[in-house]
Amino acid sequence: MDNVAVAAAFPWWGILTVAIALIAAWSMLIIVTVRWQMERILGGYDKRFEAIEGESKDLRKEHAQLAAQLPIDYTRKEDYIRQDVRMDAKLDAIYELIDEMRRGKWEA
């Protein structure tokens, strides 16, 4: 037998076509499965991101309220020191007056 007769007798093209079709079908099955899994996983992340975004908005609102209230409730260190120095000066003046009155040097 020569090679031409064997090649003509055996349907290579049919087997090759079936093999390519099986590979394509298997690939499509894998692609569809991976896509389904990715959509399921990423859908869960979308829900989580929406929840985090809602919490973030709440935190921003709370931060804005705190920033608005902070100047009313908070005394800066410099303000406290200035007030303390002023109070000390007034108390020193009162002490001097009392000391002068006690020694009899104070005149009304």
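Each reported figure results from applying straightforward, stated rules to the coordinates on display, with no laboratory input. Everything numeric here is computed off the predicted structure, so don't read it as measured data.
Points to keep in mind about this one:
- Listed by chain and number, the lysines whose C-alpha is less than 25 Å from the C-alpha of LYS57, apart from same-chain residues fewer than 8 away, are LYS47.
- Candidate aspartates and glutamates for bridging to LYS90, where Cα separation is under 17 Å - those fewer than 8 sequence places away on the same chain excluded: ASP79, ASP99, GLU100
- CD proxy at 222 nm, helix term only [per DSSP H run n ≥ 4: -39500 (n - 2.57); per residue of the chain; nearest 500]: -32500 deg cm²/dmol
- Convex hull of Cα atoms in the chain, direction-averaged projection (nm²): 16.4 nm²
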